[in-house]
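Q: First the structure, then my questions, so here it is.
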Amino acid sequence: MTKLQRGYWCECWTEDLTSEAEQPALHASFDAYSALQADRWVAVALRTITPALDTAACDEAWAWLYEERAETRRALLRSEPCTVTVIHATTRITWAIRPVLFVPLAQRRGRDFRACGYDFTPRSTD
């Protein structure tokens, strides 16, 4: 049996605060294999969008980057879920990170598959 791997599932959601009918929308997800990798994903996204944010949202983003990021990483190392949120105009942007166990995909060797199953071959990621 293949071993489960600990990691973090990261998502970025937006929500229109003026619409009660519209549901939050998932914009990105990322599988991180360390707390450092998970919080770095959020940090890179925040640094990337700060030029486009209004003043209040920009201040929120930089506050997390400089003051709250270390606490987020400590919480992740304790296997606690975390969220980082900024509100730009009428849009709430939330990054959610939660600890997970990644389940490896089933091995294809030695098994009979339907004919279409042989159309796909694994590639090396090197």
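The values are calculated or read from the model by the stated rules, or taken from the named source; none is laboratory data. Not measured: the values here are computed from a predicted model. We place every Cβ from the backbone using ideal geometry, glycine too, and count neighbours over all the protein chains shown. Please note that ligands, DNA and RNA were not included when accessible areas were found on the heavy atoms of the full protein model with its side chains. Shrake-Rupley method; radii C 1.70, N 1.55, O 1.52, S 1.80 Å.
Q: Give the residues of the range 51-65 that are surrounded by fewer than 17 Cβ atoms within 10 Å (Cβ to Cβ) and not small (Gly, Ala, Ser), sorted by residue number.
A: Pro51, Asp54, Thr55, Asp59, Trp62, Leu65
Q: Search the range 1-13 for residues that are open to solvent by 90 Å² or more (accessible area, probe 1.4 Å) and pair each with any residue that is of a type in the set (A, V, I, L, M, F, W, C) and at pLDDT 95 or above when their beta-carbon atoms are under 7 Å apart and the residues are at least 6 apart or on different chains.
A: Listed pairs, sorted by first residue: none to list.
Q: Can you tell which of Thr94, Thr85 is open to solvent by 40 Å² or more (accessible area, probe 1.4 Å) and assigned to a strand (DSSP E or B)?
A: Residue meeting the stated conditions: Thr85.
Q: Which residue pairs have Cβ atoms closer than 7 Å, lie 6 or more positions apart in sequence or on different chains, and pair a first residue in the range 18-41 that is open to solvent by less than 50 Å² (accessible area, probe 1.4 Å) with a second residue that is in a helix (DSSP H, G or I) and not aliphatic (A, V, I, L, M)?
A: From the range 18-41, the pairs are Ala32/Trp41; Ala35/Arg73; Asp39/Arg69; Asp39/Thr72; Asp39/Arg73.
Q: Mind telling me which of the residues Cys58, Cys116 ends up being part of a helix (DSSP H, G or I), farther than 25 Å from Arg6 by Cα, at pLDDT below 95 and among the hydrophobic types (A, V, I, L, M, F, W, C)?
A: Cys116
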